[in-house]
Amino acid sequence: MKPARVRIALTVLSILVAFVGFAVWFMTAMPGTRHRGPLQPLGVGDQQLLANLKAHVVAVASEEHNVGHPEALERSARYIEATLSGLGYAVSRQEFEAEGVKVRNLEVRRTGPGAGKARLIVIGAHYDSAQGAVGANDNGSGVAALLELARLLKSVQPAEGLEMRLVFYVNEELPWFATEKMGSLVHANGLALGEREVVAMLSLETIGWYSDAPGSQRYPFPFNLLYPSTGDFIGFVANPPSRSLLHRVIGSFRRHAAFPSEGAVGLESIAGVSWSDQWAYWNFGWPAVMVTDTAPFRYPHYHTLRDTPDKLDYDRLARVVLGLESVVRELVIAAP
């Protein structure tokens, strides 16, 4: 009996080891190679991008702006609208009420040739701040990046049957997160009611703070066992059904951007994985990826009044935006 029990135990252990190995591979194996070593200086032509990013963050996120501070929220919304209009876009409003305050998502579009309902590629960022926070990194950085992507992608021509939408969401932060008044959920629900198909969604969420200090990066379990402890990278995060899109996105970023990057597939129950607007699109079964500096696990001023525009690293933010420009161009030319 003892030899039989040993064989059974070894078989169970082998299966367990194989399962753990597969799970680690599934979560962490990414195409391309993570950039290592010093960053090359930005080009002369990129200095305008850097200056624009800083100006956007200052304009959108220099004060607490949310439903609790409606005048400040309105100032942020109007700045976004004016900037997009100045770039030549027709800005669409998706208006609704939250606690008696009129709020709105803002959207611009680029549509490829072809009749019928085009498949959608959505790039989004929320523009409200958390309660008790200024919100320069969360999420002025994502808004600034999306405004600059709107400028850089103004002339892009999506492939036949595709449509690119750049969306600025209200009410991502608590108490609205995961409620019917969450801006991205309002947007995603509207697409579902219109029987539209989203083939790719990118959520730009806190992408402006980096550190070269050892130990500057923390993670929830099990990512703390698998990823570096220096917060010098941009992260790409997906749920299991979005793994294919994640691979396409991070592979493209690594081909075009000499900037450190990490990718992860995680269950939505893991802290941080679903904490942004990609969650709304996952609810409808659409593939979506969060692009993030992982602020809750890195940024010392996260969700505080100290999250001000002077804290951000605009040089590295500019590099991330240039990489994302290439990613989005590839997505809209040939959808997943």
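The values are calculated or read from the model by the stated rules, or taken from the named source; none is laboratory data. Given the structure is predicted, the values throughout are model-derived calculations rather than measurements. Neighbour counts are summed over all protein chains in view; Cβ atoms, including those assigned to glycine, are modelled from backbone coordinates with ideal geometry.
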task = Those residues that are surrounded by 15 or more Cβ atoms within 10 Å (Cβ to Cβ), closer than 18 Å to Arg104 by Cβ and out of contact with any strand residue (DSSP E or B) (no Cβ under 6 Å at 6 or more places or on another chain), I need them from the range 40-75; list them, please.
result = Ala59, Val60, Ala61, His65, Asn66, Gly68, His69, Ala72, Leu73, Glu74, Arg75
task = Answer yes or no: is there a residue in the range 204-223 that is under 30 Å from Val20 (Cβ atoms) and either of a type in the set (A, V, I, L, M, F, W, C) or touching a His at 6+ places or on another chain (Cβ under 6 Å) (or both).
result = yes
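Give the residues of the range 208-220 that are surrounded by fewer than 16 Cβ atoms within 10 Å (Cβ to Cβ) and in contact (Cβ under 8 Å) with a residue 24 or more places away in the chain, sorted by residue number.
Passing the criteria: Arg218, Pro220.
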query = Looking at the range 294-304, which of its residues are assigned to a loop (DSSP other than H, G, I, E, B) and under 15 Å from the mean Cα position of the chain (by Cα)?
reply = Thr294
task = Sort out for me the strands (runs of 3 or more DSSP E) sitting completely within the range 33-143 that have 1 or more residues that are over 25 Å from Met164 (Cβ atoms).
result = 92-98, 101-111
task = Identify the single condition in (1) touching a residue at least 12 places away in the same chain (Cβ under 8 Å); (2) within 23 Å of His65 (Cβ to Cβ) that Lys154 does not satisfy, given that it satisfies every other one.
result = (2)
message = Just to be sure before I move on: is Glu268 crowded, with 17+ Cβ neighbours inside 10 Å and of a type in the set (Asp, Glu) in the structure I sent?
response = no
inquiry  = Take Gly140 and tell me if it is crowded, with 24+ Cβ neighbours inside 10 Å and touching a Pro at 6+ places or on another chain (Cβ under 8 Å).
reply    = yes
ask   = For the range 57-105, how many residues are within 20 Å of the chain's Cα centre (by Cα) and under 15 Å from Met182 (Cβ atoms)?
value = 3
ask   = Do we find that Val24 is in contact (Cβ under 8 Å) with a residue 12 or more places away in the chain, assigned to a helix (DSSP H, G or I), more than 21 Å from the chain's Cα centre (by Cα) and more than 19 Å from Glu325 (Cα to Cα) in this structure?
value = yes
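The rows are residues; the columns are (1) over 19 Å from Tyr314 (Cα atoms); (2) in contact with a strand residue (DSSP E or B) (Cβ under 8 Å, 6 or more places away or on another chain); (3) surrounded by 24 or more Cβ atoms within 10 Å (Cβ to Cβ).
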position	(1), (2), (3)
Lys117	yes, no, no
Ile123	yes, yes, yes
Arg151	no, no, no
Glu160	yes, no, no
Phe168	yes, yes, yes
Pro175	yes, no, no
Gly183	yes, yes, yes
ask   = Can you spot a residue in the range 139-152 that is modelled with pLDDT of 95 or more, within 18 Å of Val199 (Cα to Cα) and of a type outside the set (Asp, Glu)?
value = no
inquiry  = Please go through the range 305-317 and give me each residue that is buried (at least 23 other Cβ atoms within 10 Å of the Cβ) and either within 17 Å of the chain's Cα centre (by Cα) or in a loop (DSSP other than H, G, I, E, B) (or both), ordered by number.
reply    = Asp307, Leu312, Leu317
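Okay, residues lined up against (1) closer than 28 Å to Lys154 by Cα; (2) modelled with pLDDT of 95 or more; (3) small (Gly, Ala, Ser); (4) touching a Lys or Arg at 6+ places or on another chain (Cβ under 6 Å):
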{"position": "Pro41", "(1), (2), (3), (4)": "yes, no, no, no"}
{"position": "Lys54", "(1), (2), (3), (4)": "yes, yes, no, no"}
{"position": "Glu63", "(1), (2), (3), (4)": "no, yes, no, no"}
{"position": "Glu71", "(1), (2), (3), (4)": "no, yes, no, no"}
{"position": "Ala77", "(1), (2), (3), (4)": "yes, yes, yes, no"}
{"position": "Thr83", "(1), (2), (3), (4)": "yes, yes, no, no"}
{"position": "Val91", "(1), (2), (3), (4)": "yes, yes, no, no"}
